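Novice: This structure is in C-alpha cells; I'll ask about it shortly.
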Amino acid sequence: MPAPRRHFVAGLAALAVLPLAPGLLRPAPAAARAVLPDFADLAEQVLPSVVNIAVLSEQTTTQIPPELRGSPFERYFRERRGAQQVQGAGSGFIIDPAGYIVTNNHVVGNAVRVVVSLQNGTELTARVVGTDELTDLALLRVEPRSPLPAVAWGVSGALRVGNWVLAAGNPFSLGGTVTSGIVSARGREIGAGPFDDFIQTDAAINPGNSGGPLFNVAGEVIGINTAIYSPSGASAGIGFATPSDLARGVIDQLRRDGRVERGWLGVAVEDMGEEAVPGGRNRGVQVRSVERGSPAARAGLRQGDVVTALNGERIETSRALIRGVAGTPPGQTVRVTLTREGRSRELAVQVGRRPSNPG
C-alpha cells in the first residue's frame, strides 16, 4: 500500500459523484440531532466574504487542464473562460471592505493575471500586494465599486482539540462550498518550512480549497486552509490550516510594506538529543556553527554553546529559537541565555535582517 502523500490544494481535479445507499438516508435519532450543531446560520453569515480565485494567462486558445478533460466540468470551463487559460484555482477571503483579500502564496505564484469571483458572480481583477513564501501566504487587492463584506480574525491560540470548525472555499472549482469538522490536532509539523505550526482538521479540504478560511463557530477566521495529507489527492479527513495567530502578523506586514522582514542571528542549531541531558528532557539547543560576520558572531556566540532562553523565555527546540528570532524586528536587541563549558551566561545580540537564502 503506497504511503500517503501531502498535497497543496490549489489545483483542479475531476470529480466523481456517487449515490448514497438507501440505507444511509434514515433520519438520525432525536438524541443525536440534538447534539450535532446546525451550521446553516454560520454559513449564511460568512459565505459572502469567501471568494474564488483564478490565476489566468492571456491566450487565444482555451486549453483544458488534464484533470478536467472528459469530466462534466469541461464544457463549463470552455464557456466560462473563453480565450483565457486557467493555470490554477483556489480560494480566499475578504478581510477589509476596501478590497483586501487573503489567500495562499502557492495559489497566486508568479501569476500574470489574477481574477477574483465574489459569491454574487462579480469578477474583479486583483493586484498582488505581497507574498510570503515561508508561511505560504499572500495578500491581494481589488477595487470594488462598493464596500465588500469582510470577516474578522479570530484567536487560533484559543482553539481546543475537538472544537467545531467550518471550512469554506472553491473545491474542484465548484465555488461557494462549506464543510464542517473538528480540530483534530494543533501544532502539526508537516515539513513545509521552518514555521510549521498547522491546525489539523477533519473538515473536508480538497483541491481548490487552498487559501480559503477555516472558521470557528463565532464566524471568525482561525486558520487558512493550506494542505491535505492523502493517498489520492482528495480529502482523506486530514487537512492542515495555517493558524490565524501566525497569519495575521504576516498579512499586516504585507499590507504595510508589501513584504515580510524577519530577524536573523546567523547560527546553525540543532536539538539536544535526549541522551545528552540527564533525565531525558531537552534543555536547550546547541549551536552547530556560527556564520562569520553575522549578528551572532559579533555578539560572541560560539560553536558548542547551548542556548537555553531567549529574552528570558525557555528554549527547548531549534524550531522555537528560529521562530523567536524571526519574529523579532531587525535591529532590535535580544537577550540570549546560554550554557558554555558548564557555566550559564547571557549575551546581548542585535538581530539582523534575515537574508533571502540564509545559510
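Novice: Going by the conditions given, is Pro144 surrounded by fewer than 20 Cβ atoms within 10 Å (Cβ to Cβ), under 20 Å from Asn216 (Cα atoms) and more than 19 Å from the chain's Cα centre (by Cα)? Break it down into steps so the answer makes sense when it comes.
Specialist: Values: surrounded by fewer than 20 Cβ atoms within 10 Å (Cβ to Cβ): yes; under 20 Å from Asn216 (Cα atoms): no; more than 19 Å from the chain's Cα centre (by Cα): yes.
In short, no.
Novice: For segment 173-185, which positions are of a type outside the set (Val, Ile, Thr) and either out of contact with any helix residue (DSSP H, G or I) (no Cβ under 8 Å at 6 or more places or on another chain) or not assigned by TED's automatic domain parsing to the domain that holds Ile224 (or both)? Walk me through it before giving the result.
Specialist: Pass one, segment 173-185, residues of a type outside the set (Val, Ile, Thr): 173-176, 180-181, 184-185.
Matches in segment 173-185: Leu174, Gly175, Ser180, Gly181, Ser184, Ala185.
Novice: A further question on this structure: Among Ile190, Ile205, Ile222, which is within 12 Å of the chain's Cα centre (by Cα), surrounded by 20 or more Cβ atoms within 10 Å (Cβ to Cβ) and in contact (Cβ under 8 Å) with a residue 24 or more places away in the chain?
Specialist: Numbers: Ile190 fails: surrounded by 20 or more Cβ atoms within 10 Å (Cβ to Cβ); Ile205 fails: within 12 Å of the chain's Cα centre (by Cα).
Being within 12 Å of the chain's Cα centre (by Cα), surrounded by 20 or more Cβ atoms within 10 Å (Cβ to Cβ) and in contact (Cβ under 8 Å) with a residue 24 or more places away in the chain holds for just one of Ile190, Ile205, Ile222, which is Ile222.
Novice: Restricting to segment 296-324, and then to whatever is more than 30 Å from the chain's Cα centre (by Cα) and of a type outside the set (Gly, Ala, Ser), can you tell me which residue is surrounded by the fewest Cβ atoms within 10 Å (Cβ to Cβ)?
Specialist: Only one residue fits best here, namely Gln303.
Novice: Also, I was wondering about something else. Kindly indicate the residue of segment 312-326 that is without any contact (Cβ under 8 Å) to a residue 60 or more places away in the chain and aliphatic (A, V, I, L, M) and also nearest to Gln350 (Cα to Cα) among those meeting that condition. Give the derivation first.
Specialist: Let us first name the residues in segment 312-326 that are without any contact (Cβ under 8 Å) to a residue 60 or more places away in the chain, namely 312-318, 320-321, 324.
Subset that is aliphatic (A, V, I, L, M): 315, 320-321.
On the way: Ile315: 18, Ala320: 18, Leu321: 15 Å.
Per the stated criteria, the residue is Leu321.
Novice: Sticking with this structure for a sec: Condition test on Gly193, is it part of a loop (DSSP other than H, G, I, E, B) and not basic (Lys, Arg)?
Specialist: Values: part of a loop (DSSP other than H, G, I, E, B): yes; not basic (Lys, Arg): yes.
Taking the combined requirement at face value, the residue satisfies it.
Novice: Out of all the residues in segment 94-135, which are surrounded by fewer than 18 Cβ atoms within 10 Å (Cβ to Cβ), in contact with a Gly (Cβ under 9 Å, 6 or more places away or on another chain), within 24 Å of Glu261 (Cβ to Cβ) and of a type outside the set (A, V, I, L, M)?
Specialist: Gly109, Glu133 - these are the residues of segment 94-135 that are surrounded by fewer than 18 Cβ atoms within 10 Å (Cβ to Cβ), in contact with a Gly (Cβ under 9 Å, 6 or more places away or on another chain), within 24 Å of Glu261 (Cβ to Cβ) and of a type outside the set (A, V, I, L, M).
The values are calculated or read from the model by the stated rules, or taken from the named source; none is laboratory data. These figures come from a predicted structure and were not determined experimentally. Cβ: placed from backbone, ideal geometry, glycine included. Neighbour counts: every protein chain shown.
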